C-alpha cells in the first residue's frame, strides 16, 4: 500500500491535490464530555461561574475548524463554506454530546476539520467547568460521516 503522506524516502509530505476536482465535501464528527450530574445541572441552568459554557464551546469549535491546517501539520487549508456545532446535555449519561458538521467545496475533505471542531469545543467546555469539576473527561471523538471526493461517502456503522 502506497502511503500518500510520505515521499519515496519516507519523509513526511503534504499530498499534492492540484489535479483533483473541486467537489462538495461534508463531514460529521462527534464526541462528548462526561461531567458530574451537578455540573451538568449548572451547565443547563447557565450557572457555571465562567459563563455560558455551551456558547463558549460552540464558538471554540467553529474557530478550531477554521484553524485545522495550523494545528495538524499535513492538512491543506480548505475553503470552508459552513461549520455547525450542536451541543446537547444528556442527563441520562451525565455528559454533553458534541456534534460538528463541516462543509466545503474543495479538492480535499473536511474530516479533520470536523474532528478538530469537536476537540476544540470539548477542550473549551472542559476549561469552562474545570473550576467546579476537575474530573470532567473528554471522550469518543470520532468521524460519523463524510462525503465528496474520489473515495465517495463513508457512514460509520453504529454497533
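Values in this text are rule-based calculations from the coordinates and carry no lab data. Computed from a predicted structure; not experimentally measured.
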ask   = Relative to the first principal axis of the alpha-carbon coordinates of the chain, what is the inclination of helix 111-129, with its axis defined by its Cα atoms, in degrees from 0 to 90 and to the nearest 10?
value = 20 degrees
message = Just to be sure I understand: with springs between alpha-carbon atoms less than 10 Å apart, which residue in 120, 82, 109 has the highest mean-square fluctuation in the Gaussian network model of the chain?
response = 82
remark   = In deg cm²/dmol, rounded to the nearest 500, the helical mean residue ellipticity at 222 nm of the chain, built from -39500 (n - 2.57) for every DSSP H run of length 4 or more, is -9000 deg cm²/dmol
query = Over the C-alpha atoms of region 4-66, what are the Rg and the largest Cα-to-Cα span, Dmax, in Å?
reply = 20.1, 56
key: Most fluctuating residue given options 101, 58, 36, as computed from a GNM of the chain linking Cα atoms under 10 Å   = 36
ask   = Between region 90-155 and region 31-49, what is the C-alpha centre distance in whole Å?
value = 18 Å
Among 38, 113, 99, residue whose mean-square fluctuation peaks in a GNM of the chain (springs only between Cα atoms under 10 Å) = 38
